[in-house]
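What follows is one structure encoded as structure tokens, with my remarks underneath.
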Amino acid sequence: MILAVDAHNLIWRAFHALKSVGCRRKLIVANVLSMIDTCLDVIDAEHGVVAFDSVCHARAEIFPGYKAANETRRAEEDPKLRDERLAATERLKDVIFPACGFQTILAKGFEADDILASIAKHNPDLECHCVIPEMGMKPAKRCEICHGSGVYRDRVTILSSDEDLWQCVREGEVSTIKIKDGGKFSQGMTEKLLEQEYGLTPRLWPMVLAAAGGHDGIPGVPGIGKKTAVAWVQGNASDRVNAKMMDHRMEFRKYLKLVKLPLEGTPKFNVHYTPINRGAMLELIRKYRNG
Ligand SMILES: [Zn+2]
């Protein structure tokens with residue numbers, strides 16, 4: 001299994017938790033690593049990919065209000081705290097994660113969500129362990145992993161609390177896991193759960209996000225909340241709601257472009273399949289926690 005991590009999601013979490021103690025960069029690093037270590041107790045992933053955000057001009061061009069509030073928040077941030085956070089981010093990306101066997105990915109012009117979605121979408125078929133060509137051994141008919149096909153698809157678990165990523169889930173292949181307050185992890189979303197809770201397929205989920213808006217500066221269609229948006233996508237909305245969606249269809253289409261993952265033009269990323277080194281993780285957590 002591949003654990004695919006949204007780096008900034010965890011870094012912000014650590015940053016806010018540590019603000020009161022001065023938020024030194026080393027503590028942010030230790031805190032982020034320790035969250036991932038706890039996550040690895042819950043799911044058994046052998047490989048890890050960590051995705052980082054880069055500024056996405058393409059989305060701001062589609063809609064200038066996109067993430068505009070983030071810019072304001074950043075400008076108002078205490079510069080000292082911001083420097084500590086940015087230093088921790090760089091350290092994690094360039095040194096710490098690679099030392100722990102995690103592949104780090106930053107793609108100019110694309111967000112972490114695009115990278116994670118691209119990995120989930122293009123997750124390649126791998127040769128099964130039952131195939132040993134050197135020994136002339138073909139796929140085993142009774143193999144529980146590949147069922148005789150010789151290839152299997154590695155599962156991807158996306159670590160992020162971001163509901164945008166729900167559109168990427170695929171039964172038995174891609175799911176999400178979320179961190180709760182208190183540092184515990186719980187099942188995030190799966191294709192089956194999305195169907196049970198909202199009656200929708202992952203492919204339709206972006207329509208809910210676009211209609212309801214409410215995050216990343218996307219206003220959504222006026223007066224449409226998540227519940228109404230779900231009913232509309234299901235085809236169960238009132239005439240009044242249907243009429244309103246019709247009136248605002250141009251904005252809706254624009255918002256849909258913003259929330260659909262991965263963004264058009266996002267490249268494919270090759271997963272390196274290096275093993276996660278939990279020993280190195282524990283050592284670094286200890287080292288960084290003690291300053
Ligand atoms: Zn097999």
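Quick check: anything in the stretch 130-140 aliphatic (A, V, I, L, M), open to solvent by less than 30 Å² (accessible area, probe 1.4 Å) and at pLDDT below 95? I'd like the intermediate steps shown before the answer.
Step one: filter the stretch 130-140 for residues aliphatic (A, V, I, L, M), giving 131-132, 135, 137, 140.
Now restrict to residues that are open to solvent by less than 30 Å² (accessible area, probe 1.4 Å): 131.
Of the ones still in play, those that are also at pLDDT below 95 are 131.
Yes.
State which residue is surrounded by the most Cβ atoms within 10 Å (Cβ to Cβ) when the search covers only the stretch 152-177 and only residues that are touching a helix residue (DSSP H, G or I) at 6+ places or on another chain (Cβ under 7 Å) and among the hydroxyl-bearing types (S, T, Y).
Taking the candidates together, the pick is T176.
For the stretch 178-212, name all the residues that are open to solvent by less than 60 Å² (accessible area, probe 1.4 Å), at pLDDT below 95 and in contact with a Gly (Cβ under 6 Å, 6 or more places away or on another chain).
none
Filter the stretch 56-81 down to the residues that are more than 30 Å from M250 (Cβ to Cβ) and surrounded by 14 or more Cβ atoms within 10 Å (Cβ to Cβ) and list them by number.
If the condition is that a residue be more than 30 Å from M250 (Cβ to Cβ) and surrounded by 14 or more Cβ atoms within 10 Å (Cβ to Cβ), then L81 is the only one that fits.
For the stretch 109-129, which residues satisfy the criterion of being open to solvent by 30 Å² or more (accessible area, probe 1.4 Å) and assigned to a helix (DSSP H, G or I)?
Filtering the stretch 109-129 for residues open to solvent by 30 Å² or more (accessible area, probe 1.4 Å) gives 110, 121-122, 124-127, 129.
Correct list: K121, H122.
So which residues in the stretch 151-182 are assigned to a strand (DSSP E or B) and away from the ligand (no atom under 13 Å from the Cβ), if there are any at all?
As a first pass, look at the stretch 151-182 and keep what is assigned to a strand (DSSP E or B): 151-153, 156-159, 170, 174-179.
Correct list: V156, T157, I158, L159, R170, V174, S175, T176, I177, K178, I179.
When you look at T104, is it more than 22 Å from the chain's Cα centre (by Cα) and either closer than 16 Å to H8 by Cβ or among the β-branched types (V, I, T) (or both), yes or no?
Details: more than 22 Å from the chain's Cα centre (by Cα): no; either closer than 16 Å to H8 by Cβ or among the β-branched types (V, I, T) (or both): yes.
Spelling it out, it is not the case that T104 is more than 22 Å from the chain's Cα centre (by Cα) and either closer than 16 Å to H8 by Cβ or among the β-branched types (V, I, T) (or both).
Residues in the stretch 139-150 that are under 22 Å from A120 (Cα atoms) and more than 8 Å from the ligand (Cβ to nearest atom): how many?
So the count comes out to 0.
Just give me the residues in the stretch 108-136 being free of Cβ contacts under 8 Å to residues at least 24 places away in the same chain and more than 10 Å from the ligand (Cβ to nearest atom), in sequence order. Full working, then the answer.
Our first condition is that a residue be free of Cβ contacts under 8 Å to residues at least 24 places away in the same chain; within the stretch 108-136, this holds for 129-136.
Correct list: I132, P133, E134, M135, G136.
Assigned to a helix (DSSP H, G or I) and under 26 Å from Q187 (Cβ atoms): is that true of R203 in this structure?
Values: assigned to a helix (DSSP H, G or I): yes; under 26 Å from Q187 (Cβ atoms): yes.
It is true that R203 is assigned to a helix (DSSP H, G or I) and under 26 Å from Q187 (Cβ atoms).
Quick one: in the stretch 1-54, which of the residues that are of a type in the set (S, T, Y) and at pLDDT 90 or above is most open to solvent (accessible area, probe 1.4 Å)?
Here the answer is T38.
From the list A212, A231, A243, exactly one residue is hydrophobic (A, V, I, L, M, F, W, C) and touching a helix residue (DSSP H, G or I) at 6+ places or on another chain (Cβ under 6 Å). Which is it? Break it down into steps so the answer makes sense when it comes.
Numbers: A231 fails: touching a helix residue (DSSP H, G or I) at 6+ places or on another chain (Cβ under 6 Å); A243 fails: touching a helix residue (DSSP H, G or I) at 6+ places or on another chain (Cβ under 6 Å).
Result: A212 is the single residue among A212, A231, A243 that is hydrophobic (A, V, I, L, M, F, W, C) and touching a helix residue (DSSP H, G or I) at 6+ places or on another chain (Cβ under 6 Å).
May I ask you to list pairs of residues, at least six apart or on different chains, whose Cβ atoms are under 7 Å apart, with the first in the stretch 222-236 being at positive phi and the second being open to solvent by 30 Å² or more (accessible area, probe 1.4 Å) and part of a helix (DSSP H, G or I)?
Every condition considered, the pairs that remain are G223/K244.
The values are calculated or read from the model by the stated rules, or taken from the named source; none is laboratory data. Everything numeric here is computed off the predicted structure, so don't read it as measured data. Neighbour counts are summed over all protein chains in view; Cβ atoms, including those assigned to glycine, are modelled from backbone coordinates with ideal geometry. Note: accessible area is taken over every heavy atom of the protein model, side chains too, but ligands, DNA and RNA are not part of it. Shrake-Rupley method; radii C 1.70, N 1.55, O 1.52, S 1.80 Å.
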